[in-house]
Amino acid sequence: MSRIPEVMAALKAQGRPALIPYVTAGDPYVDLTPEIMLALAEGGADIIELGVPFSDPMADGPVIQKASERALARGIGATQVLDMVRTFRRSNSTTPVVLMGYANPVEAYDHRHGPGRFITDAREAGVDGLLVVDYPPEECEGFAAQLKAAGLDLIFLLAPTSTEDRMAQVGRIASGYVYYVSLKGVTGAGHLDTDAVAEMLPRIRRHVSVPVGVGFGIRDAATAKAVGAVADAVVIGSRLIQILETQTRDNAPLAARAFMAEIRAALDV
(Lines give C-alpha, C1' and ligand atoms only; values in the text may rest on other atoms or scores of the structure.)
Protein backbone atom coordinates (compact mmCIF):
# COMPACT_ATOMS: atom_id res chain seq x y z
CA MET A 1 0.00 0.00 0.00
CA SER A 2 1.02 3.61 -0.56
CA ARG A 3 2.85 5.31 2.28
CA ILE A 4 1.49 8.73 1.29
CA PRO A 5 -1.83 8.83 3.23
CA GLU A 6 -0.18 7.79 6.49
CA VAL A 7 2.56 10.39 6.13
CA MET A 8 0.09 13.14 5.25
CA ALA A 9 -2.21 12.22 8.13
CA ALA A 10 0.66 12.26 10.63
CA LEU A 11 1.81 15.69 9.45
CA LYS A 12 -1.73 17.07 9.61
CA ALA A 13 -2.05 15.84 13.18
CA GLN A 14 1.18 17.70 13.99
CA GLY A 15 0.02 20.86 12.20
CA ARG A 16 2.95 20.69 9.78
CA PRO A 17 2.93 20.90 5.98
CA ALA A 18 4.65 18.18 3.97
CA LEU A 19 7.91 19.07 2.24
CA ILE A 20 8.11 17.50 -1.22
CA PRO A 21 11.29 18.01 -3.27
CA TYR A 22 11.52 17.08 -6.95
CA VAL A 23 14.70 15.77 -8.59
CA THR A 24 15.25 14.35 -12.06
CA ALA A 25 16.45 10.75 -12.02
CA GLY A 26 20.03 10.49 -13.28
CA ASP A 27 20.92 14.15 -12.83
CA PRO A 28 23.42 15.58 -12.05
CA TYR A 29 25.24 12.22 -11.73
CA VAL A 30 23.78 8.95 -12.98
CA ASP A 31 24.48 6.69 -10.04
CA LEU A 32 24.11 9.36 -7.34
CA THR A 33 20.31 9.72 -7.45
CA PRO A 34 19.55 7.20 -4.65
CA GLU A 35 22.13 8.90 -2.43
CA ILE A 36 20.62 12.32 -3.16
CA MET A 37 17.16 10.94 -2.34
CA LEU A 38 18.47 9.65 0.99
CA ALA A 39 20.04 13.03 1.70
CA LEU A 40 16.74 14.80 0.94
CA ALA A 41 14.92 12.53 3.38
CA GLU A 42 17.60 13.08 6.03
CA GLY A 43 17.24 16.84 5.53
CA GLY A 44 13.51 16.76 6.21
CA ALA A 45 11.75 15.76 2.98
CA ASP A 46 8.48 13.99 3.72
CA ILE A 47 7.80 12.74 0.17
CA ILE A 48 10.15 12.66 -2.82
CA GLU A 49 9.04 13.30 -6.38
CA LEU A 50 11.41 11.58 -8.80
CA GLY A 51 11.28 12.81 -12.37
CA VAL A 52 11.26 10.24 -15.18
CA PRO A 53 13.31 11.80 -18.02
CA PHE A 54 11.42 12.48 -21.24
CA SER A 55 12.43 14.19 -24.47
CA ASP A 56 9.41 16.53 -24.63
CA PRO A 57 8.58 17.64 -21.08
CA MET A 58 5.95 20.18 -22.09
CA ALA A 59 5.02 21.33 -18.57
CA ASP A 60 8.61 21.91 -17.48
CA GLY A 61 10.71 25.02 -17.78
CA PRO A 62 14.31 25.27 -18.97
CA VAL A 63 15.90 24.07 -15.73
CA ILE A 64 14.05 20.76 -15.57
CA GLN A 65 14.11 20.35 -19.37
CA LYS A 66 17.90 20.54 -19.33
CA ALA A 67 18.11 18.11 -16.42
CA SER A 68 15.93 15.69 -18.38
CA GLU A 69 18.10 16.10 -21.48
CA ARG A 70 21.25 15.41 -19.48
CA ALA A 71 19.72 12.28 -17.96
CA LEU A 72 18.50 10.99 -21.33
CA ALA A 73 21.96 11.53 -22.81
CA ARG A 74 23.29 9.27 -20.07
CA GLY A 75 20.84 6.51 -20.96
CA ILE A 76 18.33 7.00 -18.15
CA GLY A 77 14.85 5.66 -18.87
CA ALA A 78 11.99 4.13 -16.91
CA THR A 79 13.90 0.89 -16.24
CA GLN A 80 16.83 2.74 -14.70
CA VAL A 81 14.47 4.96 -12.67
CA LEU A 82 12.83 1.92 -11.08
CA ASP A 83 16.27 0.52 -10.29
CA MET A 84 17.11 3.79 -8.50
CA VAL A 85 13.99 3.47 -6.37
CA ARG A 86 14.94 -0.13 -5.49
CA THR A 87 18.38 1.06 -4.39
CA PHE A 88 16.85 3.85 -2.31
CA ARG A 89 14.48 1.38 -0.65
CA ARG A 90 17.38 -0.72 0.58
CA SER A 91 18.21 2.13 2.96
CA ASN A 92 14.86 3.90 3.37
CA SER A 93 11.59 2.02 3.69
CA THR A 94 9.44 4.86 4.99
CA THR A 95 9.69 7.98 2.79
CA PRO A 96 7.08 7.89 0.00
CA VAL A 97 8.32 8.15 -3.58
CA VAL A 98 6.19 9.57 -6.41
CA LEU A 99 7.30 9.16 -10.01
CA MET A 100 6.52 12.30 -11.98
CA GLY A 101 6.61 12.39 -15.75
CA TYR A 102 4.72 11.83 -18.97
CA ALA A 103 2.62 9.14 -20.62
CA ASN A 104 5.14 8.15 -23.27
CA PRO A 105 7.70 6.45 -20.97
CA VAL A 106 4.94 4.59 -19.13
CA GLU A 107 3.32 3.34 -22.32
CA ALA A 108 6.67 2.50 -23.94
CA TYR A 109 7.59 0.43 -20.87
CA ASP A 110 4.34 -1.53 -21.13
CA HIS A 111 4.88 -2.00 -24.86
CA ARG A 112 8.29 -3.57 -24.18
CA HIS A 113 7.41 -5.61 -21.11
CA GLY A 114 3.69 -6.30 -21.35
CA PRO A 115 0.40 -4.59 -20.46
CA GLY A 116 0.30 -3.22 -16.93
CA ARG A 117 3.92 -4.05 -16.20
CA PHE A 118 4.94 -0.49 -15.36
CA ILE A 119 2.47 -0.38 -12.49
CA THR A 120 3.45 -3.88 -11.32
CA ASP A 121 7.16 -3.14 -11.47
CA ALA A 122 6.76 0.28 -9.87
CA ARG A 123 4.95 -1.27 -6.92
CA GLU A 124 7.63 -3.96 -6.61
CA ALA A 125 10.37 -1.30 -6.68
CA GLY A 126 8.80 0.62 -3.80
CA VAL A 127 7.00 3.45 -5.62
CA ASP A 128 3.99 4.94 -3.82
CA GLY A 129 2.37 7.06 -6.52
CA LEU A 130 2.47 8.39 -10.05
CA LEU A 131 1.92 11.86 -11.44
CA VAL A 132 1.53 11.62 -15.22
CA VAL A 133 1.31 15.17 -16.51
CA ASP A 134 -0.51 14.38 -19.76
CA TYR A 135 -3.07 11.91 -18.34
CA PRO A 136 -6.16 14.09 -17.76
CA PRO A 137 -8.70 12.67 -15.30
CA GLU A 138 -11.41 12.14 -17.91
CA GLU A 139 -9.13 9.88 -19.94
CA CYS A 140 -7.46 7.71 -17.32
CA GLU A 141 -10.10 6.20 -15.07
CA GLY A 142 -8.96 2.72 -16.10
CA PHE A 143 -5.35 3.59 -15.32
CA ALA A 144 -6.43 5.02 -11.96
CA ALA A 145 -8.30 1.80 -11.16
CA GLN A 146 -5.20 -0.28 -11.97
CA LEU A 147 -3.09 1.89 -9.70
CA LYS A 148 -5.62 1.67 -6.90
CA ALA A 149 -5.71 -2.11 -7.22
CA ALA A 150 -1.92 -2.13 -6.90
CA GLY A 151 -2.04 0.10 -3.82
CA LEU A 152 -0.55 3.13 -5.57
CA ASP A 153 -1.80 6.71 -5.62
CA LEU A 154 -2.53 8.76 -8.74
CA ILE A 155 -1.69 12.42 -8.28
CA PHE A 156 -3.13 15.11 -10.55
CA LEU A 157 -2.22 18.68 -11.36
CA LEU A 158 -4.59 21.61 -10.94
CA ALA A 159 -3.83 25.15 -12.09
CA PRO A 160 -5.12 28.72 -11.71
CA THR A 161 -7.05 28.14 -14.95
CA SER A 162 -8.74 24.91 -13.76
CA THR A 163 -12.52 25.04 -13.92
CA GLU A 164 -14.90 23.85 -11.23
CA ASP A 165 -15.73 20.87 -13.46
CA ARG A 166 -12.04 19.91 -13.75
CA MET A 167 -11.60 20.18 -10.00
CA ALA A 168 -14.59 17.90 -9.50
CA GLN A 169 -13.20 15.39 -12.02
CA VAL A 170 -9.86 15.36 -10.22
CA GLY A 171 -11.58 15.07 -6.86
CA ARG A 172 -13.38 11.89 -7.95
CA ILE A 173 -10.20 10.08 -9.00
CA ALA A 174 -7.19 11.58 -7.22
CA SER A 175 -5.56 9.92 -4.24
CA GLY A 176 -2.51 10.70 -2.14
CA TYR A 177 -2.53 14.44 -2.79
CA VAL A 178 -3.27 16.96 -5.50
CA TYR A 179 -0.51 19.18 -6.88
CA TYR A 180 -1.67 22.77 -7.40
CA VAL A 181 0.45 24.55 -9.98
CA SER A 182 0.52 28.03 -8.52
CA LEU A 183 1.57 29.83 -11.70
CA LYS A 184 0.44 29.93 -15.29
CA GLY A 185 3.18 28.54 -17.52
CA VAL A 186 5.97 26.04 -16.95
CA THR A 187 8.06 25.03 -13.96
CA GLY A 188 10.45 27.67 -12.69
CA ALA A 189 8.51 30.51 -14.32
CA GLY A 190 7.16 33.73 -12.92
CA HIS A 191 6.66 35.24 -9.49
CA LEU A 192 4.67 33.43 -6.85
CA ASP A 193 1.62 35.32 -5.57
CA THR A 194 0.96 33.75 -2.19
CA ASP A 195 -2.25 35.75 -1.72
CA ALA A 196 -3.65 34.26 -4.93
CA VAL A 197 -2.68 30.78 -3.72
CA ALA A 198 -4.48 31.37 -0.42
CA GLU A 199 -7.61 32.44 -2.31
CA MET A 200 -7.53 29.42 -4.64
CA LEU A 201 -7.07 26.63 -2.11
CA PRO A 202 -10.55 26.84 -0.55
CA ARG A 203 -12.05 26.48 -4.04
CA ILE A 204 -10.00 23.37 -4.66
CA ARG A 205 -10.85 21.89 -1.28
CA ARG A 206 -14.58 22.14 -2.01
CA HIS A 207 -14.02 19.46 -4.65
CA VAL A 208 -10.94 17.58 -3.45
CA SER A 209 -10.79 15.58 -0.22
CA VAL A 210 -7.09 14.64 -0.39
CA PRO A 211 -4.33 17.04 0.74
CA VAL A 212 -3.35 19.87 -1.60
CA GLY A 213 0.31 20.57 -2.29
CA VAL A 214 1.53 23.74 -3.98
CA GLY A 215 4.48 24.03 -6.33
CA PHE A 216 6.00 26.17 -9.11
CA GLY A 217 7.73 29.38 -8.02
CA ILE A 218 8.85 28.22 -4.56
CA ARG A 219 12.54 28.96 -4.45
CA ASP A 220 13.55 29.73 -0.86
CA ALA A 221 12.63 29.45 2.79
CA ALA A 222 10.51 32.61 2.79
CA THR A 223 8.22 31.57 -0.06
CA ALA A 224 8.05 28.02 1.27
CA LYS A 225 6.96 29.30 4.68
CA ALA A 226 4.28 31.55 3.14
CA VAL A 227 2.87 28.69 1.07
CA GLY A 228 3.15 26.21 3.93
CA ALA A 229 0.92 28.45 6.03
CA VAL A 230 -2.03 27.74 3.71
CA ALA A 231 -1.19 24.51 1.85
CA ASP A 232 -0.93 20.90 3.01
CA ALA A 233 2.39 20.47 1.20
CA VAL A 234 5.14 22.52 -0.39
CA VAL A 235 6.76 21.24 -3.59
CA ILE A 236 10.20 22.48 -4.69
CA GLY A 237 11.83 21.40 -7.95
CA SER A 238 13.62 23.87 -10.19
CA ARG A 239 15.56 25.60 -7.42
CA LEU A 240 16.81 22.27 -6.05
CA ILE A 241 17.98 21.19 -9.49
CA GLN A 242 19.79 24.52 -9.94
CA ILE A 243 21.63 23.91 -6.69
CA LEU A 244 22.55 20.34 -7.56
CA GLU A 245 23.81 21.11 -11.07
CA THR A 246 26.52 23.37 -9.63
CA GLN A 247 27.84 20.79 -7.17
CA THR A 248 30.72 18.39 -7.37
CA ARG A 249 29.92 14.72 -7.03
CA ASP A 250 30.97 14.64 -3.38
CA ASN A 251 29.08 17.81 -2.47
CA ALA A 252 25.76 17.12 -4.22
CA PRO A 253 24.16 15.02 -1.44
CA LEU A 254 25.42 17.43 1.21
CA ALA A 255 23.92 20.38 -0.67
CA ALA A 256 20.61 18.55 -1.06
CA ARG A 257 20.45 17.78 2.65
CA ALA A 258 21.37 21.33 3.64
CA PHE A 259 18.74 22.89 1.36
CA MET A 260 16.03 20.60 2.67
CA ALA A 261 17.01 21.33 6.26
CA GLU A 262 16.76 25.06 5.60
CA ILE A 263 13.29 24.75 4.08
CA ARG A 264 12.09 22.32 6.76
CA ALA A 265 13.24 24.66 9.51
CA ALA A 266 11.30 27.54 7.94
CA LEU A 267 8.16 25.44 7.64
CA ASP A 268 8.36 24.35 11.25
CA VAL A 269 8.78 27.81 12.80
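The values are calculated or read from the model by the stated rules, or taken from the named source; none is laboratory data. The structure displayed is predicted, hence computed values, not measured ones. All Cβ positions, glycine included, derive from the backbone under ideal geometry; neighbour counts span all protein chains shown.
Structural remarks
- Residues of the range 1-26 classified as assigned to a loop (DSSP other than H, G, I, E, B), at pLDDT 95 or above and within 19 Å of Leu131 (Cα to Cα), total: 3
- Criterion (in contact (Cβ under 8 Å) with a residue 24 or more places away in the chain, of a type outside the set (A, V, I, L, M, F, W, C) and over 27 Å from Val227 (Cβ atoms)) met by exactly one of Pro34, Pro5: Pro34
- Residues considered: Pro211, Pro202. Of these, the only one that is within 17 Å of the chain's Cα centre (by Cα) and at pLDDT 90 or above is Pro211.
- Sole exception among (1) closer than 18 Å to Gly44 by Cβ; (2) at pLDDT 95 or above; (3) charged (D, E, K, R) for Arg219, by number: (2)
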